[in-house]
Amino acid sequence: MSGNNPVRHTGRASVAVPSQREPASAPAGPPGGPGGPSRSGGGTYPGRPRRRPRWGRIFLVLGIGALVLALVAAGGGYLWYRSVSNDIDRTDPFAGITGDRPAKAVEGAMNILMLGSDSRDPDNKAKAGEWRTDTMLIAHIPANHEKAYLISIPRDLYVYIPKSPTNPDLGNRKAKINAAFAWGGLPLTVQTVEGFTGLRMDHVVLIDFGGFKQVVDALGGIDMYIEQDVKSIHPPHRQFTKGNAHLDGAEALDYVRQRYQFADGDFARMRHQQQFMKAVLDKAASSGTLTNPAKLNSFLRATAQAVTVDNDLSVFDMALTFRGIRSSDLVFSTAPHLGSKKVNGEDVIMPDTEKGAALYGAIKNDKAEEWFANNAPNPSGSPSK
């Protein structure tokens, strides 16, 4: 690569900036398709025995790294677990929600709303308190805990946003879904997503992706596939070259923020964010991080400082309950949509209400696996068919 701060390629993967790290595992090449459901690592197919996931590492990737501390707690490291767990900020994202919330249909199944704050995004010019979410996902865990379905919601999806509990002049109209966070914080965002999908959110995780620079560096960098040559629009204007690359924290965060240079814009960014999550998971699982006390401590403390979770999410109890994971147990998709449209002079993404109702209904009734098996993948940049 060229540029002010290049990422260097050496054959299979480029050279990392950190001076000391475990050997990086080879990237898997391009992620499965340009968007909609992909089974990382090949997935589960008829005729193959199902492998029970180690669900603690799902949360490592999704921003709750402290879940795997049960591995240490079981060996007598409970005080250390408590120390790291206390580093995680907590909030009440359900306070202030008015009206009825969707009922929970299937005990044991779980829906987690994951929000990525753009507070440190170089593109973000808003003042504190006006930040919007540049990442929004619903993580659905079926009652059998055998998979995790992660559905990216385009931030420009045009949906109804209820009246803001903090500012009555805002909301009570249709707008881009990420406006909910700016108008009413986490409670209005939860209320908007629940109203749009009909799904009850059991937990909420707010991720500061700027903080994930330290997470990636604690892992010694991650391996990602760069899908096209692209020059960053942010200083120091790194040049990313198509192919497998090893990225440090600053490079990885820079790459996943790019969107203007790609034909499908923000859908490309969602695709790269999904790829980023898998890359963090794969590196944590393959580099010896989870078995090296020093590496584990550094990784988990960095992760704890990058996330905020709801008051009821017990990382210790969940770690003891859900232990293993393989990347093939993660299924990524994008909320069904009909593509872009001009509304009041704004470019918005129109939801596919028919296909969306079928998907969210399947999730609510714990039939997600059947829905994904019977529906063709929806590329993240293409309208639903």
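The values are calculated or read from the model by the stated rules, or taken from the named source; none is laboratory data. Owing to the predicted nature of the structure, the values given are computational and were not obtained by experimental measurement. Don't worry about glycine lacking a Cβ; one is built from the backbone with ideal geometry, like all the others, and counts go over all protein chains shown.
Identify all residues within segment 163-179 that are surrounded by 21 or more Cβ atoms within 10 Å (Cβ to Cβ) and either at positive phi or assigned to a loop (DSSP other than H, G, I, E, B) (or both); write none if there are none.
164, 171, 177, 178
Residue 204 passes every criterion in (1) part of a strand (DSSP E or B); (2) within 16 Å of residue 273 (Cβ to Cβ) apart from (2). Taking residue 122, is it modelled with pLDDT under 90, within 22 Å of residue 100 (Cα to Cα), part of a loop (DSSP other than H, G, I, E, B) and not small (Gly, Ala, Ser)? For residue 122, the condition - modelled with pLDDT under 90, within 22 Å of residue 100 (Cα to Cα), part of a loop (DSSP other than H, G, I, E, B) and not small (Gly, Ala, Ser) - is not met. Among residues of segment 259-269 being farther than 18 Å from residue 280 by Cβ and of a type outside the set (Gly, Ala, Ser), the one that is surrounded by the most Cβ atoms within 10 Å (Cβ to Cβ) is 267. Within segment 336-352, residues that are farther than 13 Å from residue 174 by Cα sit with their Cβ atoms under 7 Å from residues that are among the acidic types (Asp, Glu) and at pLDDT 95 or above, at 6+ positions apart or across chains, in these pairs: 336/352; 337/352; 338/352.
Pairing each residue of segment 185-199 that is farther than 23 Å from residue 365 by Cα and touching a residue at least 12 places away in the same chain (Cβ under 8 Å) with any residue that is assigned to a helix (DSSP H, G or I) and among the aliphatic types (A, V, I, L, M), provided the two are 6+ apart or on different chains, yields C-beta distances under 7 Å for 188/180. Taking segment 193-235 as the range and being among the acidic types (Asp, Glu), closer than 21 Å to residue 262 by Cβ and out of contact with any Ser or Thr (no Cβ under 8 Å at 6 or more places or on another chain) as the test, only 227 passes. When segment 142-162 is filtered for residues that are surrounded by fewer than 23 Cβ atoms within 10 Å (Cβ to Cβ) and charged (D, E, K, R), the ones remaining, listed by number, are 146, 155, 156.
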